[in-house]
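Below you'll find the structure I mean.
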Amino acid sequence: MIARPDLPGIRWGLVAGGGVGLLLAVLALTSLVWVPFPLAGPPLTPLAEPGGLHLLGTDQAGRDVVSLLMTAALSSLAVAGFGTLIALLVGVPAGALMAARFGAGPSPGRVSGLLLAPALIVAMLLTALGSAGPGTAILSVALPGAVAAGLAARAPVAMLLRRDYVAAARIAGLNALSAMQRHVLPALLPVVAALGLELFAVAILVEASLGFLGLAAGMSGTGLGVMLRDTQGFMQIRPLLAIAPGVTIVSLILALQLVARGLRRGIDGTA
Amino acid sequence: MARLEVDNLGIFRGGRSMIEGLSLSLSGGRTAIVGAQDGAMRALALELAGLSIGSAVRTGTLTLDGVSYPTGESELARFRGRIGLLGAGDGVAGLASLLERTPQLLICDDPLHGLAGTAHRELAEAILDAQREQGFGVLLLTGDMRLAMAFADSIIVFDGTRPVETGTAETLAERARHARTRELLGAYQPRTRATMPPPIGEPLLEFDAVEQRFRDRGWSPFDRLPPPVVVAPTSFLVRRGEAVGLLGGAGSGKSVLLRLAAGLGRCSAGELRFDGDAYHGDDLPAERRSAIAMVFPDPHLAFNPALAVGLSLTEPLRVEQQLLVDEQADRLVEGVRSVGLDPSVLGRRPDAFGAMELQRLALARALASRPQLIVLDEPTLRLDAAERVEFLVLLNRVRADNGLTVLAASRDIEVLGTICDRILVLEQGHIIEGGAPAQLAETPEQAETRRLVAPRYPGRRPDVPQPVAPAPGLVAVARPDAGEPVPPAPATVPTPAEPSPPEPEAALPPVAETAADPPVVLLEAPLPVPVPAAAAMPDPDPEPLPLEVTPLPVAAPPPADAATVAPPPGPPAEPQPELPATAMVAEVAADPPSLPDPAIPTEPLVIAPPGRLLPPAPQLISLPAHKIETTRQALPAAGHNDSVTVPVPAESAGDDADKGPERRQGDNPVDRPDD
């Protein structure tokens, strides 16, 4: 790989994004075993001031906001993560197949633009069909995500397949699958990783939008978008109630995109 | 016109010495520096163009019109406006934009690198034309001795980091003193095709009305018209043991045919047959795959950059699963040795290799499965001129050793002429002509063929100060019976109007000596229709040789009389209808380095690895005994016919210092290492 000047901004972004992302992920995962004030317990004083025992106060239903945020973040991350995983598992092989059969195809542009509107439509459709569980949210992320992933993976796979060393491997007698496994897959992994992170970031946004619109609740009935929607009415008295999930969403997305950008820069110099 | 003076220049980068002790002066005219393409020439070009990189350290003096190169960036930037730098890949377009700034000095850094043969000449001639118009001095940095010989008035030869010899094309061709110069001069002669090519047998690969169409970008499913044709229905066959070449420019469809033959892609119509098995591309039966191997144009793209080359080389072996691991390793080592490399390199990644080494490895990979047919797609595209010949010699040897059938494609007839028995010319997917290389070079019937076989280097222009005497390329011909050193060399100059007989004879001595020396002429026998050993015939019509012999600069022979200025070779005014033919004779005659010159203790200029040089096969030269007799008798008479023989003492050429400013270089200390 050609050495290119190290951009301090990119590297700094990689570190900061990775750090913030990891911290939030750990906090979210902790909610599985421990939260400061279990949500299932008896309701606390509603709309308590921030500070003291309740770092961010309590919400209108008497739940500790920190505990709620941790649970909601996990729910959002889980929905977005499963959705992204399915999208990659379906989309990348499909894109590779397209590349092998039909070549590079048109340039897809950025994945984010392709995701939000179709996700809303899928979610509305599924809700109209009577489903409203986390499955709806995951599918709403995964279906458009798979299309986006396929389109995004097609071009790099086509480029790798056109390499003469793949042709050489085919001439040497390797079949298409083992040539792909040997020469294309290893080079594709970082590309897929970056693509996955980008999709993940967009998926979080999509999940929050769905929750906010009440189209799909995440696991455990909550989610960052759901929190945003529920606290809307109390913006005047307790602005922090809406700001906290908003900031969490933004920092998650920023962190993921910074890491994805750093990865991309490492792969092909575009960012 | 600016005058560039370089005195005892040294360039160091990262503690490594790149250039040492270079002195030259240039105001008009053309000077060439011939050196290895290992970054030193590039560093020199940047330094001279005022684009020095921060890490490079310069010693010695560098002045333009007596003013030393400034050190500050802004002054240097102003300085740079007067110097044009033409780099590899800039091409004619890059030259045009440079010329708009009317540079006072043009530095060409390997400008022909990566260009096809025809583009070579275009660019070189464009530079010559521009120089004639604007009158700037040209400094050419290249690895291609032939280009330097054809192009420059004065040549500085580098060995490693140091200049070792300076001279004009003529003096160097006549009596190069340094071993490196002689090596460079001899590097373009594929001299070891004294190997026995395999006998030609039954058809091995058949193309039966193979047609290829590709949809282009704007295709839509609603298009009524079929996609455009890349290869029109094409039929030909390659016999076992035969070497067939596809000659064509970019986009002529030669690569498509090759890839189909190798089992890549799928043809739109028609079928291919390999040893009787029909296929259409990637439906080549799996058990046949190991019988066909391919070498790609760019070795750096043909190896996975993430894998050690050894792993890539074992790919063809993995398929034959009955091979034990030890056996695999043995085959690998054997294969790498057979292409002249050490097995210890197998652990390295491809980017640790130069193009030449990597292409050797690509050949080793192709041979690993012991194929019957090897498909070569522009195998020398990324190699420089000397490497190209080296690789072609290797190919010929490998072909003979393994009894291979060859299907090759190139846009360069020199390449195909060296390795092929038969050439088919492709133009836009149609085969327009075919025949033996010599025949195509000699009597091309189609315009496209004429374009493709035209000589690669520009002729000398008479409008620039020409050395009166030793006509480039025609001089240094040893008489077989001459017991004394060759120079002072008589310049045998033909009258342009009537190509005179003696030149082919002049070319003779090397041929006549074939018994002792592996022949140069070897477009030999394995053709169904044997080609006459053209070079050997003392034919009154100068007969172009099989092109493998070509190399030295094409000399548009200037008339001996300095007062008459010969018209440029190209223009219609010239009553010289068969320019290529004449030019080629000149090339043939110009074979000085291959001569055993008693004055210089030459080591044999053999490119093949030592020990691989087979004794010459006597049947290669189908020259009847009486012909040889004739030629020997004809030689002494050379001076008595239409051509003019002007003996010029060797020194007089050097004394022509007042001919033009560029010649003043002769005063340079670098010039005469012996003084």
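Farthest toward the dipole's positive end in chain A, which of A:Ile138, A:Thr45, A:Gln232, given Cβ charges of +1 (Lys, Arg) and -1 (Asp, Glu) about the Cα centre?
A:Ile138
How big is the shadow of the Cα convex hull of the range A:164-271, averaged over all directions, in nm²?
Numbers: hull surface 38.5 nm².
Spelled out: convex hull of the Cα atoms, projected over all directions, averaged, 9.6 nm².
Based on the Cα gyration tensor of the range B:1-61, what are the three equivalent ellipsoid semi-axes, each the root of five times an eigenvalue, rounded to whole Å and given largest first?
Largest first, the range B:1-61 gives 20, 13, 11 Å.
Dipole size in debye (nearest 20) for chain A around its Cα centre, Lys and Arg Cβ +1, Asp and Glu Cβ -1?
Dipole about the Cα centre, nearest 20: 980 debye.
Here is a follow-up. With charges set only on the Cβ (+1 for Lys and Arg, -1 for Asp and Glu), what does the dipole of the range B:129-169 come to about its Cα centre, in debye to the nearest 20?
That gives a dipole near 60 debye.
Now, a different point. Does the range B:315-376 come out rounded, prolate or oblate by the C-alpha gyration tensor, with a ≥ b ≥ c the root eigenvalues, rounded set by a/c under 1.5 and, if not, prolate when a/b is larger than b/c and oblate if not?
Oblate, since a/c reaches 1.5 and b/c is not below a/b.
Which ³J(HN,Hα) values, rounded to whole Hz and listed in residue order, are derived for the range A:60-71 from phi using the Karplus coefficients 6.51, -1.76 and 1.60 in 6.51 cos²θ - 1.76 cosθ + 1.60 with θ = phi - 60°, glycine and proline given as x?
With coefficients 6.51, -1.76 and 1.60, one gets 5, 9, x, 10, 5, 5, 4, 4, 5, 4, 4, 5 Hz.
Compute from the Cα atoms of chain A the Rg and the Dmax, the latter being the longest Cα-Cα distance, and quote both in angstrom.
Reported Rg and Dmax, both Å: 21.3, 74.
Quick one: 3J(HN,Hα) in Hz for the range A:21-35, Karplus 6.51/-1.76/1.60 with θ = phi - 60°, rounded, Gly and Pro as x.
Using θ = phi - 60°, the values come out as x, 4, 4, 5, 5, 5, 4, 5, 5, 4, 4, 5, 10, 8, 9 Hz.
Please work out the Cα center distance from the range A:58-107 to the range B:243-318, rounded to the nearest Å.
The range A:58-107 and the range B:243-318 have Cα centres separated by 42 Å.
Under the rule of at least 5 residues apart or a separate chain, name every residue whose amide H is placed under 5 Å from the amide H of B:Gly434.
B:Val425
Now, a different point. Could you give the size of the charge dipole of the range B:59-156 about its Cα centre, using +1 on the Cβ of each K and R and -1 on the Cβ of each D and E, expressed in debye and rounded to the nearest 20?
100
How large is the convex hull of the C-alpha atoms of the range B:241-314 per residue, in Å³?
Looking at the range B:241-314, the number lands at 137 Å³ per residue.
Another question about this same structure. Could you sort B:352-360, A:147-155 so that the peptide with the highest average Cβ count within 10 Å comes first and the rest follow in order?
With the highest mean Cβ count within 10 Å placed first, the list reads A:147-155, B:352-360.
Let me ask something else about it. Show the residues, 5+ positions off or on another chain, whose built amide H is closer than 5 Å to the amide H of B:Arg348.
Hits under the 5 Å cutoff: B:Val309, B:Gly310.
Also, I was wondering about something else. Any idea which of B:Ile374, B:Leu317, B:Phe274 is furthest toward the positive side of the dipole for the range B:264-394, if Lys and Arg beta-carbons carry +1 and Asp and Glu beta-carbons -1?
Of the options given, the answer is B:Leu317.
Give me the log10 of I(q) over I(0) for the range B:62-148 at q = 0.15, 0.19, 0.25 Å⁻¹, as the Debye formula computes it from C-alpha points; what are the numbers?
Rounded to two decimals, the profile gives -0.58, -0.86, -1.27.
Between B:Val67 and B:Glu122, take the C-beta separation as r, use R0 = 35 Å, and let me know the FRET efficiency to the nearest 0.05.
With R0 = 35 Å, the Cβ-Cβ based efficiency is 0.50.
Got the relative contact order for chain A handy, in percent, Cα pairs under 8 Å and 6 or more residues apart?
Worked out over chain A, it gives 26 percent.
Taking θ as phi - 60°, what are the ³J(HN,Hα) couplings along the range B:390-400 by the Karplus curve (6.51, -1.76, 1.60), each to the nearest whole Hz, with x for Gly and Pro?
For the range B:390-400, the Karplus curve yields 4, 5, 5, 4, 4, 4, 4, 5, 4, 4, 5 Hz.
Order these by the 10 Å Cβ neighbour count, fewest first: B:Thr142, B:Thr418.
Fewest-to-most Cβ neighbours within 10 Å comes out as B:Thr142, B:Thr418.
Mind listing the long-range amide H neighbours of A:Gln60? Cut-off is under 5 Å, sequence gap 5 or more, other chains count too, H placed in the peptide plane at 1.01 Å from N.
Excluding prolines and chain starts, which carry no amide H, the hits are A:Leu47.
Grab the eigenvalues of the alpha-carbon gyration tensor for the range A:36-80, scale each by 5, take roots, and send me the semi-axes largest first in whole angstrom.
Working through the eigenvalues yields semi-axes of 20, 11, 8 Å.
We did not get these values from a lab; they are worked out from the coordinates using the rules stated. Fair warning: this is a prediction, and the values are worked out from it, not measured in the lab. Note: ideal-geometry Cβ built from the backbone for every residue, glycine included; neighbour counts use all protein chains shown.
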